Amino acid sequence: MVAHVIYFVESKQNVNRLTNVNNPAKLAPLILIVTGTHILRILIFMLSMFCSLAHSQQTAQNLFGQYRTALYQIKIIELESGNKSSIGSGFQIDTSGNVVTNYHVVSEYVYNPDKFRIEYLAHDGSEGQLQLVDVDVINDLALVRKVALSEQESAFPIAQSLPKQGSAIYSLGNPHDLGMIVVPGTFNGLKKSSFYQRIHFTGSINPGMSGGPVVNELGEVMGVNVATAGNQIGFLIPLAKIQGLLTSQNAQVLENEQLKPRIQEQLLDNQNKLFALLNNHTWPTSVLGEAMIPSKITDFISCWGGSNTSDKEALYLSVENRCQLDEQIYLHNGLRTGGLELEFEWLDGKSLGEHRFYNFYSQSITGAGASNNATKTDVTNFRCQQDKVTNINGVTNKTVFCLRAYKEFDQLYDVLFVAATLDHTHQGLISHYTLAGVSKESALVFTQKFMDAISWQ
Amino acid sequence: MAIVLELLSRKNIPLKHYKFEQDYVCVGRDFNNDLRLDDPYVCPSHMLVAIDPESGKLMVNDCQSTNGIKVNNKFVRQATLNSHDIIKIGRTRLRIIDTKVPLVEAIPLSELEENMSWLNQSFLAICLSFVCLGFLLLTKYLGSVQEFNLIKALPSELGQLAVFSLWPLSFAILAKVVKKESHIVSQFSLTWLLVLLTNTLILLQKIAIFNIHPGTWFIWLELLIFALVVGGFIWLSLFIAFHQTNHRRNIIACSMTFIILAPIYALGFLNNDEFDSRPSYNPVLLPPTYNLTSAVPTDKFIGNANSLFTQVDKLKIK
């Protein structure tokens, strides 16, 4: 707690210097004027520094003054102890009391509406209760509404479009009892190949700032902070996703029993979109050992490779290729879903001999586990089907296909697949993938496509 | 008419037996007695054993001794004896045997015992132990991924053999304790044969699982075979070690098998479907030579997977 406070005070002092240096757009016109002597040039440069300093101070001050009243700290109160169990930030978007925050900030309430309530803490120390209006679990957004409105309600304006790449943006939050905090950063555009769109933010977002707005220089909201654990670099949810949530601005408050079906509907819809994208085109293949494998099956998964060639003592060759979807969907308390991992390993054990190689090969496919850390309350146990399968390219695999179901959400399953080829005496290809939160149809289509995509060179 | 006296140990095991071709026997510490007992608690003339001329039964009479006579732990002055009565004078225990009572028929020599005699060859036992050692080393070699070093592997495998040797050794010692032959060579041969049999069965199990991917019935079959192997091994060990009636041997073998298997079965049932983030599947892969059955096409596999979804859906309700 103390460490955070010190950190924020320091970063506020750094604000001006940083914006100054990183603001070539404002420096440029002034520098152009410089034609005179060297001294004059220095003078004018110093003047420009001063101007720029004054300008960004003005922006920060404006932001502070104007929107302080529309920024809240969101607290999840546990009813039993009467104390807060988690906090985040939120901002008001209209005068009827609608407040936007992160889904993960209110996720405890969503999972146990009987055991928690949502409250806000305003800049002036006033508190009040909030009702959950809607959630967007895919983009980690939630819309809450103030139960009691005051006489003067202020709201953040929503930007019409994203700013130009390189322009200054400010991440706001209300994490501690300091009141509003501003972290300046630069807009670096949207991540190009990403299924779940996120803005990469070069400032540091602290946990309590989750759900706070990101504004452009005019103070218009163009993103929302996400700083869940595990995201070391700051990511922001972009404008378009907020606009999607605003359609429920006038909606009725969700009943407790409507929450889970709403999330399920969003998860199903999202995974349908994802797998429609994945399954509806032919996958490009690449070479791994003597096999052709479908590794980078789409733009939005990132792939890594490695091998043990540097290990001089190894009696076998192992070449690996793994791809995964970078983002996952946060559900609650460490449970994430929506993940996708593909893994291929080519093993060549010429100096091991047939039996030794197959012993090692068996060990290599032992103990595959789920990619997310779902617990007993979230999912059932795995059930597996195993067989020897020959695909359309004549590749014979020992194939293990395992499933587990989500207890809270119908029609959603986690899938784990492991296969090992049986066609060679000293070589083999292990193919493995895990899918989290998929429907039966998507899983089966994906599995068949995956199994039939492997071939020998 | 003869009187037979048997000197017993504290646990009523016969130590020595005396036969007297006369109608009465005097027992005491005096050298004049028919049976002289070197026991300080026995009087010089302690007891008279005689055959009752009318009934023909054996009787004991106390010759006014200091410590008296106990028949089946009861003090008596005079008593008629039945067979199996145990007499205690001083600190000495005796049994007086009526030679008229017929003995139990002899246990017929079993053919099995004759057929098992081939196990009792030192050469065979030594050969088998080397085969076992070779087998263990081969298994270790096949399971290694690094450069294999025989000298380094040897101690651990010898240790394993030593652990296995505990079984025949303990049976040999037990047999020796009850004054029978130890049959140590047969016990060792039997143990090595079991080690080889178990390993062969494990290999067969792997081949079966790899080729037919059986369902839960296979686990029951495995357990049954395991129980039979363990039970049979215990039965044979007992057979070699002790001279028992078949009935008694069966009971001991069954109960020992139960004691060994019950915890294994119980653990299996207790751990039943405990939540695990790792699925349980059989990872055995075998070289193409062992690949005996044909593979299914992809669409058939996917078709079969349909039922897996209903299976996990059912788990949700539980």
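Per the listing A:THR425, A:THR434, A:THR421, the residue uniquely assigned by TED's automatic domain parsing to the domain that holds A:LYS273, surrounded by fewer than 19 Cβ atoms within 10 Å (Cβ to Cβ), of a type outside the set (Lys, Arg) and more than 16 Å from B:SER307 (Cα to Cα) is A:THR425.
Is it true that A:GLY437 is at the interface with chain B (Cβ under 8 Å from one of its Cβ atoms), touching a residue at least 24 places away in the same chain (Cβ under 8 Å) and in a strand (DSSP E or B)? In short, no. Working carefully through the options A:ILE297, A:ILE301, A:ILE329, find the one that is over 30 Å from A:LYS260 (Cβ atoms), buried (at least 16 other Cβ atoms within 10 Å of the Cβ) and among the aliphatic types (A, V, I, L, M). Being over 30 Å from A:LYS260 (Cβ atoms), buried (at least 16 other Cβ atoms within 10 Å of the Cβ) and among the aliphatic types (A, V, I, L, M) holds for just one of A:ILE297, A:ILE301, A:ILE329, which is A:ILE297.
How about the stretch A:402-457: which of its residues are of a type in the set (Asp, Glu) and modelled with pLDDT of 90 or more? Once the filter is applied, which keeps residues that are of a type in the set (Asp, Glu) and modelled with pLDDT of 90 or more, the stretch A:402-457 yields A:ASP414, A:ASP423, A:GLU441, A:ASP452. Inspection of the stretch B:140-151 finds a residue satisfying the criterion of being assigned to a helix (DSSP H, G or I), modelled with pLDDT of 85 or more, out of contact with any helix residue (DSSP H, G or I) (no Cβ under 8 Å at 6 or more places or on another chain) and exposed (fewer than 15 other Cβ atoms within 10 Å of the Cβ).
Of all residues in the stretch B:286-313, none that is within 7 Å of chain A (Cβ to nearest Cβ) and on the phi > 0 side of the Ramachandran plot has its Cβ atom under 6 Å from the Cβ atom of a residue that is surrounded by 13 or more Cβ atoms within 10 Å (Cβ to Cβ) and not in a strand (DSSP E or B), 6 or more apart or on another chain.
Among the residues here, A:ILE138 does not qualify as in the same structural domain as A:PHE187 (by TED's automatic domain parsing), assigned to a strand (DSSP E or B) and in contact (Cβ under 8 Å) with a residue 24 or more places away in the chain.
State which residue is nearest to B:ARG278 (Cα to Cα) when the search covers only the stretch A:404-440 and only residues that are of a type in the set (Asp, Glu) and touching a helix residue (DSSP H, G or I) at 6+ places or on another chain (Cβ under 8 Å). So the residue we want is A:GLU408. Residue pairs whose Cβ atoms lie under 7 Å apart, sitting 6 or more positions apart in sequence or on different chains, and linking a residue in the stretch B:233-261 that is under 17 Å from B:PHE164 (Cα atoms) to a partner that is β-branched (Val, Ile, Thr) and surrounded by fewer than 17 Cβ atoms within 10 Å (Cβ to Cβ), are B:LEU238/B:ILE252. Going by the structure shown, is B:THR191 among the β-branched types (Val, Ile, Thr) and closer than 30 Å to B:SER294 by Cα? Here the answer is no, as B:THR191 does not meet what is asked. Just one of (1) in contact with a Ser or Thr (Cβ under 8 Å, 6 or more places away or on another chain); (2) assigned by TED's automatic domain parsing to the domain that holds B:VAL25 fails for B:LEU124. It is (2).
Restricting the search to the stretch B:263-303, which residues are at pLDDT 90 or above and polar (S, T, N, Q)? Selection gives B:THR298 alone. If I filter the stretch A:369-384 for residues that are of a type in the set (Phe, Trp, Tyr), closer than 30 Å to B:PHE148 by Cα and in contact with an Asp or Glu (Cβ under 9 Å, 6 or more places away or on another chain), do I get at least one hit? No, the stretch A:369-384 contains no residue that is of a type in the set (Phe, Trp, Tyr), closer than 30 Å to B:PHE148 by Cα and in contact with an Asp or Glu (Cβ under 9 Å, 6 or more places away or on another chain). The residues of the stretch A:251-271 that are in a helix (DSSP H, G or I) and either within 18 Å of the chain's Cα centre (by Cα) or among the hydrophobic types (A, V, I, L, M, F, W, C) (or both), listed by number, are A:LEU259, A:ILE263, A:GLN266, A:LEU267, A:LEU268, A:ASP269, A:ASN270, A:GLN271.
Filtering the stretch A:335-374 to residues that are within 11 Å of another protein chain (Cβ to nearest Cβ) and more than 30 Å from B:LEU137 (Cβ to Cβ) leaves A:ALA368, A:GLY369, A:ALA370, A:SER371, A:ASN372, A:ASN373, A:ALA374. Scanning the stretch A:321-328 turns up no residue that is within 7 Å of another protein chain (Cβ to nearest Cβ) and acidic (Asp, Glu). Just so you know, in the stretch B:209-259 the residues that are outside any helix (DSSP H, G or I) and not polar (S, T, N, Q) include one that is farthest from the other protein chains (Cβ to nearest Cβ), and it is B:HIS243.
The values are calculated or read from the model by the stated rules, or taken from the named source; none is laboratory data. Model, not experiment: these values are computed from the prediction. Positions of Cβ are backbone-derived with ideal geometry, glycine not excepted, and every protein chain shown enters the neighbour counts.
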